[in-house]
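The values are calculated or read from the model by the stated rules, or taken from the named source; none is laboratory data. Owing to the predicted nature of the structure, the values given are computational and were not obtained by experimental measurement. Note: ideal-geometry Cβ built from the backbone for every residue, glycine included; neighbour counts use all protein chains shown. In case anyone asks, the SASA skips ligands and DNA or RNA and just uses the protein heavy atoms, side chains included. Shrake-Rupley method; radii C 1.70, N 1.55, O 1.52, S 1.80 Å.
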Amino acid sequence: MTKWWKCDLQIATPAWEFSMPADVNYDITSPEGKKQFAERYMDELLAKGVEVVALADHNTGDWIDVMSAAGTAKGVVVFPGCEITTGSGSDGIHLIIIGDRTKSTHDFDLLLAGPLGFDYEHPRFHTQGSQRTPGSSGKTLLQILDDLPDDYLAIAPHALTQNGIASGGTAQGDIRWKALHHPRLCAIDPGDCSRVEGDQFNAQFRRRELTYFPRLK
């Protein structure tokens, strides 16, 4: 029997830019406050019918442990993950990296500092005054996909818009072809495919009509 799951494979937490509901007064700097917030988060997901999520905070897995524990307590499947910016393209390409449900914050700290290419010269974040922006990896998209351990999955989010793997401002030509056909890239998010008209690249991409990208089908 087939079962459909309502999923959101790119959710944020207060580890990154996150707008709190007006009535939230949890102290998320404390372990108890984080726990209370995470449990409410799961309640809100369940109220919308969402049963499976993947975490995708930029360049950090700080909330993985508390969100995973809350998901287990509430019956929501939580896959640990993060979103990174590669060193390829004019302003980098975004990738979502997802691990199995046993992965922890510590595992993602090691992953970010190793195969994902963040170090002293390529910090996870840049801070200017009170503003914090995510940094880019010291590795290209293809290097990251080559080095990614087998127990992690890579998804290309918002593929056709800013920082997308197939947008006009990132990878082009042979690099884009290799990235879209890399065996470690397991999925792409092409955006809204409900109304796709015209002969532009984006429309043909969403209709899977680009014959020179055979894996797209």
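Which of the residues belonging to the stretch 65-90 are in contact with a His (Cβ under 9 Å, 6 or more places away or on another chain) and open to solvent by less than 20 Å² (accessible area, probe 1.4 Å)?
Once the filter is applied, which keeps residues that are in contact with a His (Cβ under 9 Å, 6 or more places away or on another chain) and open to solvent by less than 20 Å² (accessible area, probe 1.4 Å), the stretch 65-90 yields Cys82, Glu83, Ile84, Thr85, Thr86.
Any residue at all in the stretch 34-54 that's at pLDDT 95 or above, in contact with a Pro (Cβ under 9 Å, 6 or more places away or on another chain), surrounded by 13 or more Cβ atoms within 10 Å (Cβ to Cβ) and within 27 Å of Leu95 (Cβ to Cβ)?
Scanning the stretch 34-54 turns up at least one residue that is at pLDDT 95 or above, in contact with a Pro (Cβ under 9 Å, 6 or more places away or on another chain), surrounded by 13 or more Cβ atoms within 10 Å (Cβ to Cβ) and within 27 Å of Leu95 (Cβ to Cβ).
Answer with yes or no whether Gln162 is surrounded by fewer than 17 Cβ atoms within 10 Å (Cβ to Cβ), under 15 Å from the mean Cα position of the chain (by Cα) and modelled with pLDDT under 95.
Here the answer is yes, as Gln162 does meet what is asked.
Answer with yes or no whether Ile93 is buried (at least 20 other Cβ atoms within 10 Å of the Cβ), in contact (Cβ under 8 Å) with a residue 24 or more places away in the chain and more than 24 Å from Asp192 (Cβ to Cβ).
No: the conditions fail for Ile93.
Within the stretch 169-191, track down each residue that is farther than 21 Å from Asp100 by Cβ, touching a residue at least 12 places away in the same chain (Cβ under 8 Å) and in a loop (DSSP other than H, G, I, E, B).
Listed by number, the residues that qualify are Gly169, Thr170, Ala171, His181, Pro190, Gly191.
Taking Ala154 as the residue in question, decide whether it is part of a helix (DSSP H, G or I) and open to solvent by less than 30 Å² (accessible area, probe 1.4 Å).
no
Please work out which residue is farthest from Leu116 (Cα to Cα), limiting yourself to the stretch 207-217 and to residues that are modelled with pLDDT of 90 or more and under 24 Å from the mean Cα position of the chain (by Cα).
Checking each candidate, the answer is Arg207.
Take the residues in the stretch 165-188 that are open to solvent by 60 Å² or more (accessible area, probe 1.4 Å) and not polar (S, T, N, Q), then tell me which one is nearest to the chain's Cα centre (by Cα).
Ranking the candidates gives Cys186 first.
So, in the stretch 114-134, of the ones that are touching a Pro at 6+ places or on another chain (Cβ under 9 Å) and buried (at least 17 other Cβ atoms within 10 Å of the Cβ), which residue ends up nearest to Gly99 (Cα to Cα)?
For the stretch 114-134, the residue satisfying everything is Pro115.
Just wondering, is there one or more residues in the stretch 189-206 that are modelled with pLDDT under 95, surrounded by 13 or more Cβ atoms within 10 Å (Cβ to Cβ) and on the phi > 0 side of the Ramachandran plot?
yes
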